[in-house]
2 protein chains.
Amino acid sequence: MEQFEVHILGCGSALPTTRHNASSQIVRVGNELLMIDCGEGTQLQIRKSRQHFARINNVFISHLHGDHCFGLIGMISTFGLLGRRMPLHIYAHPMLRTLLEPQLDYFCKGMQYEVCIHDIDPTVNKTIFENKNISVETLPLNHRIPCCGFLISEKPKKRHIRPDMLEYYKIPTYERSKLRDGEDYITPEGELIPNERLTTPPAPSRRYAYCSDTAPCPEITETIKGVDMLYHEATFANKERARAKETFHSTAEQAATIARSCEAKKLVIGHFSSRYDDESILLDEARAIFPETVLAKEGITLKL
Amino acid sequence: MEQFEVHILGCGSALPTTRHNASSQIVRVGNELLMIDCGEGTQLQIRKSRQHFARINNVFISHLHGDHCFGLIGMISTFGLLGRRMPLHIYAHPMLRTLLEPQLDYFCKGMQYEVCIHDIDPTVNKTIFENKNISVETLPLNHRIPCCGFLISEKPKKRHIRPDMLEYYKIPTYERSKLRDGEDYITPEGELIPNERLTTPPAPSRRYAYCSDTAPCPEITETIKGVDMLYHEATFANKERARAKETFHSTAEQAATIARSCEAKKLVIGHFSSRYDDESILLDEARAIFPETVLAKEGITLKL
């Protein structure tokens, strides 16, 4: 099965600390590296992670708070210095264009590649990117400023051909693609062989949801039902519930409650407040509700 | 004697590496912390250095290449989140205002302190900051875009009073300030006591020069003659001399030649190209010309 994994570059919140970097992660699906958020220092985190700079072609920005986007201009400049030629696509709230373009004009003159900024509407659930293997949808969230999460879904895969049956029915090579698409086979004698006899079901299509920053947002539950992995912000512990509410963030318990109601297979919590020297309290509070919870941490890779 | 020291936050060049951060340093003179340059990730470097965020009131930007200024917006935002009230003064080429103000308007709404941007003309040698202890002058350099270094000078200090002489002549307390300023003393009997008999000379006024980024620029030699410490960029080794010329940077040997001709007491080289995994070649080449050379390194403090 193709790789589908999430590499955490930063999982701190607004105040960077010596323990956590600002938000950023790379989602790898096969050879495609998608970046979600790009806080200050992200380019250094990529370097440490040994992920391939050059394979990042699409960057999705959840919202325009600095800890989710201040790393863009530095990363873009560095890509230029490294001789990049492939366009880089950035998906973000329209205001990013207004803020970034003057910086690109000044700092990135003469760069050999194009930066394509795509406006997204964070208030609707909509497919904003797709290629032959995956799609990315916005997930409207509930934060102090317009903000959306992202749902990355593998497209339905092809069925697996049973070699024994191919041989048995002497099915020619050129028919195989149709069988993988689920079609039945008709022998030269006119006999119909049902597809289920010739193939086995495809690998399941995996889905990953990223939800940061947000107050608890039960409205997303249906859209992300059954995701293989949910990354959800858990800025605060229960004790800071009032502070969470006031700042439109979630507690670890609230993140876990969302994971439980959407029947996620796994929950990763992140976007930790700088007040915690140790996030075990967040992990404990989340696991009390949703046992399949892990803490995000810079440098880890989570497989779907 | 008051502290006068330079704390290196970053001494890499345009491409950040896992070994070096983008340019930034804190110059401490007594309780005053001056920042010079502010590349991406500087706020994290301050945190690691345990320098007091709140005491940084003045930031001097040598030029508008990203590795010298991309850290400003993140640092300014973080100061705001930390509840700063004191204004922050930034001295830079006028273009910084154009680029930074829209970002401040968007990202720093409601911040409790003021960011005051001061335009400087990097093409002239001029005093751009002073307080009762120090002054800061621009040093025109020779780079691909307008760029200046900075000369930080302690003002002349007061003379030291000799307690034995005070006692001998029974000089009243209110006369002491004048003696420290160098005045003679006239006894109630009308006798003139020359100042040199009552005081010893003040501690020397120290000077620190920061020169990055630049091609060799002998024009600065007179202005920085005899500095106690010179920080000079040494992006390349001799082997890359042609590359240095082409990009308006210096080799380590060229930096050392400037240090020698300006009779600096000490040379610190930095702004290392990412091609060197080990800067000992740069150190060796500089020391061959100017033995009192050290390599900059993140986290070190250099005393004047």
**Item:** Computed P(r) (all Cα pairs; chain A; 20 Å bins; percent)
**Value:** 32, 49, 18, 2
**Message:** Going Cα to Cα from residue A:158, which lysines come in below 29 Å? Please leave out same-chain ones fewer than 8 positions away.
**Reply:** A:126, A:132, A:170, A:178, A:225, A:265, A:266, A:303
**Asked** Using a Gaussian network model of chain B with C-alpha springs under 10 Å, which one of B:123, B:214, B:138 is most mobile by mean-square fluctuation?
**Response** B:123
**Asked** With springs only between Cα atoms under 10 Å, which of A:101, A:279, A:32 fluctuates most in a Gaussian network model of chain A?
**Response** A:101
**Fill in**
What the 20 Å binned alpha carbon P(r) of the protein assembly as shown shows, as percent of pairs per bin from 0, is 18, 41, 26, 11, 3, 1, 0
**Message:** Taking a point 7 Å out from Cα toward Cβ as the label site, list the nm distances between residue B:31 and the same residue in every other copy, smallest first.
**Reply:** 6.2
**Item:** Extension gain, residue B:131 back to residue B:112 (0.36 nm per residue minus Cα-Cα distance, nm)
**Value:** 4.4 nm
**Request:** Provide the percentage of antiparallel DSSP beta bridges, counting only those with both residues in chain A; round to the nearest 5.
**Result:** 55 percent
**Complete:** Quick P(r) readout (segment B:160-200; Cα-Cα; 5 Å bins; whole %) gives 6, 27, 43, 22, 3
**Prompt:** Could you state the number of Å between the C-alpha centres of segment A:65-128 and segment A:221-300?
**Reply:** 29 Å
**Request:** State to the nearest 20 debye the size of the charge dipole of segment B:160-200 about its Cα centre, where the only charges are +1 on K and R beta carbons and -1 on D and E beta carbons.
**Result:** 160 debye
**Item:** Taking B:40, B:253, A:189 and counting other C-beta atoms within 10 Å, the order from fewest to most
**Value:** A:189, B:253, B:40
**Prompt:** So if we plug the beta-carbon distance of residue B:186 and residue B:294 into 1/(1 + (r/R0)^6) with R0 = 35 Å, what FRET efficiency do we get, rounded to 0.05?
**Reply:** 0.10
**Request:** Fewest Cβ neighbours within 10 Å first, please rank A:153, A:274, A:13 accordingly.
**Result:** A:274, A:153, A:13
**Message:** Please list, by residue number, everything in segment A:1-37 whose backbone N is under 16 Å from a paramagnetic label point 7 Å out along Cα→Cβ of residue A:160.
**Reply:** A:1-3
**Message:** If I take all pairs of Cα atoms in segment A:168-288, what percentage of them are more than 24 Å from each other?
**Reply:** 47 percent
**Complete:** GNM of chain B, Cα pairs under 10 angstrom: of B:258, B:186, B:128, the biggest fluctuation goes to B:186
**Fill in**
With +1 on the Cβ of every Lys and Arg and -1 on the Cβ of every Asp and Glu, the dipole magnitude of the protein assembly as shown about its Cα centre, in debye rounded to the nearest 20, is 600 debye
**Request:** Provide an ascending nm list, one decimal, of label-point separations from residue A:297 to the equivalent residue in each further copy; define each label point as 7 Å from Cα along Cα→Cβ.
**Result:** 2.8
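Bear in mind that the values in this text are calculations on the coordinates, not laboratory data. Fair warning: this is a prediction, and the values are worked out from it, not measured in the lab. Every residue, glycine as well, gets a Cβ built from its backbone with ideal geometry; the counts of neighbours run over all protein chains shown.
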